[in-house]
Structures are given as C-alpha cells and as structure tokens.
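Chemist: Supplied in structure tokens, the structure appears directly below.
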Amino acid sequence: MTDHIHHHHSHGHNHSHSHTHGHDHGHSHSHTHGHGHSHSHSHPEELSFEQKLEKLFVHWIEHNNSHKDTYTTWAGRAQEAGLDTTALCLEKAGQLSDQLTRQLEDALKTLKE
C-alpha cells in the first residue's frame, strides 16, 4: 500500500513523498527553515532575469545547507541508535548536499561574471 505524505515549507512549496507501509496512515505536517529572505523589493522596476536567478541561487543554497545540516544531525542520531547503515546513508546525503551547494555556488559565480 502506498500513501502520500505532504510536507509544507514556509518558503512556499510542497514536497510529496510516497512511502510503502504494511498499514494505512496518512499525515501532513508543516515545518519552517531559518531562511531570512524577503520577497519585497525597494525599487519599483521589475527585476532582470539575472537578478531573479541570483535571488533563487541564494535561496537554494541556504535551503540546501539547511537540509544538509538536518541529514548530519540525524546521521549522528542514527549512529547513536545503532543504525550504522542508515547513518552512513545520511552522511552520504550530507556529502551529496555539499556537492550540490558547490554546484549552485559555481552557477551563481558564472552569473556574476
């Protein structure tokens, strides 16, 4: 049986994940990330495409780093619980998040050239 779990983030998008369980249950929850950003602008003109991309890159980098920190925290907790394989998977997710952040930072640099 597959049910869908929906997560709502305060920064305006939803994630759906399918999980297979031996029993029925569905739930939805919200959580926030410490993203300090604003969608209001001090100038009346429309942002250029490059300015929009720059704002998106900054947001994506912050968001990705937040998730990386969560993976690392839970890797430690999994290790403490004796879930060594799970901990290794979460550590790998954190490493992949670092690679993703570097890629986004590189893209942001090319935008500013």
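Chemist: Looking at (1) open to solvent by less than 70 Å² (accessible area, probe 1.4 Å); (2) touching a residue at least 24 places away in the same chain (Cβ under 8 Å), which one does Trp60 not meet, given that it meets all the others?
Modeler: Only one criterion in (1) open to solvent by less than 70 Å² (accessible area, probe 1.4 Å); (2) touching a residue at least 24 places away in the same chain (Cβ under 8 Å) is unmet by Trp60, namely (1).
Chemist: Now for a different question. If you take the residues of the range 85-107 that are free of Cβ contacts under 8 Å to residues at least 40 places away in the same chain and among the aliphatic types (A, V, I, L, M), which of them is least open to solvent (accessible area, probe 1.4 Å)? Break it down into steps so the answer makes sense when it comes.
Modeler: Pass one, the range 85-107, residues free of Cβ contacts under 8 Å to residues at least 40 places away in the same chain: 85-100, 102-103, 106.
If we keep only those that are among the aliphatic types (A, V, I, L, M) too, we end up with 87-88, 90, 93, 96, 100.
On the way: Ala87: 0, Leu88: 110, Leu90: 46, Ala93: 29, Leu96: 87, Leu100: 83 Å².
This residue is Ala87.
Chemist: Given the options Leu47, Leu96, Leu90, Leu56, name the one that is modelled with pLDDT under 95 and among the aliphatic types (A, V, I, L, M).
Modeler: Values: Leu96 fails: modelled with pLDDT under 95; Leu90 fails: modelled with pLDDT under 95; Leu56 fails: modelled with pLDDT under 95.
Unique residue meeting the criteria: Leu47.
Chemist: Suppose we filter the range 63-84 for residues that are basic (Lys, Arg) and exposed (fewer than 15 other Cβ atoms within 10 Å of the Cβ); how many remain? Lay out the reasoning, then the answer.
Modeler: Within the range 63-84, the first condition is being basic (Lys, Arg), and the residues that meet it are 68, 77.
Next cut, exposed (fewer than 15 other Cβ atoms within 10 Å of the Cβ) only: 77.
Of the residues in the range 63-84, 1 are basic (Lys, Arg) and exposed (fewer than 15 other Cβ atoms within 10 Å of the Cβ).
The values are calculated or read from the model by the stated rules, or taken from the named source; none is laboratory data. Predicted, not measured: the structure shown is a model, and the values here were computed from it. As a convention, Cβ positions derive from the backbone with ideal geometry for all residues, glycine included, and neighbour counts pool all protein chains shown. Quick note on the areas: whole protein, heavy atoms, side chains included, nothing else; ligands and nucleic acids left out. Shrake-Rupley method; radii C 1.70, N 1.55, O 1.52, S 1.80 Å.
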